[in-house]
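Beneath this line is the structure, given in structure tokens, with notes to follow.
We did not get these values from a lab; they are worked out from the coordinates using the rules stated. Note that this is a predicted model, so its numbers are computed, not measured.
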Ligand SMILES: Cc1cc2nc3c(=O)[nH]c(=O)nc-3n(C[C@H](O)[C@H](O)[C@H](O)COP(=O)(O)O)c2cc1C
């Protein structure tokens, strides 16, 4: 790497040996997902699969999801965030309102959430519209966070470029001195939730020979849900 931080061709040396991704092949489970077995609403169906992922399969962070946004020009970006609540109104996550994702959502509220439950050969993809949660709801969740995470929300100007790690640590130390453990930390005005109201939710179950099941709920104008099967 050069002193100005730029990476040159000289840096592009791959390690001597690593596994060949093209040779990685798993056969997925035979048990399928059928229309008859689906719940009445996608949120109910999500609750069943979330239970399977968290309780039966003990997946690590089953509430981790990939949130994809796009800016006004349609340029996409994605990142992992943690689902913190879900019900028939939608799927809620918390973040910094000045982050890239929040700026994207201010310009374009359409969003996709992807739950990658690979060890179960399952994936759920939600598409919908994101709106900010109310300040009361945000405050209630903020109060439930550990003290250190509350300070972290103040210390980080998420998605902005910073000069050094030390600047971040200094900012945290200053806040920790101002709000010692036990002292109430105010809710940062630049921090809060987004609730994604689903317009479609696809449940993907891996099956033998790549003949997977894909069942998608699509919202109808009257508020009911239509279920359609997609080719894998
Ligand atoms: C497992 C995991 C969980 C994360 N959870 C959150 C979260 O709940 N909220 C959040 O703002 N960032 C979370 N992050 C960090 C984001 O992936 C991302 O770096 C950050 O939100 C800035 O994204 P942006 O610049 O695209 O807005 C998480 C990262 C990982 C790997």
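Here the relative contact order of region 86-232, from alpha carbon pairs under 8 Å that lie six or more residues apart, stands at 30 percent. Build a GNM of the chain with springs between Cα atoms under 10 Å apart, and of 22, 170, 121 the one that fluctuates most is 22. The radius of gyration of the Cα set in region 96-232, together with its Dmax, comes out at 20.0, 59 angstrom.
The equivalent ellipsoid of region 142-190 has semi-axes of 19, 13, 8 Å, largest first, where each one is the square root of 5 times an eigenvalue of the Cα gyration tensor.
Normalised by 2.2 N^0.38 Å, with N the number of residues, the alpha-carbon radius of gyration of region 2-125 equals 1.40. Radius of gyration over Kirkwood radius for the chain, both on Cα atoms: the Rg/Rh ratio is 1.03.
Based on the Stokes-Einstein relation at 20 °C and a viscosity of 1.002 mPa s, and on the Kirkwood radius from alpha carbon pairs, region 100-161 is assigned a translational diffusion coefficient of 148 µm²/s.
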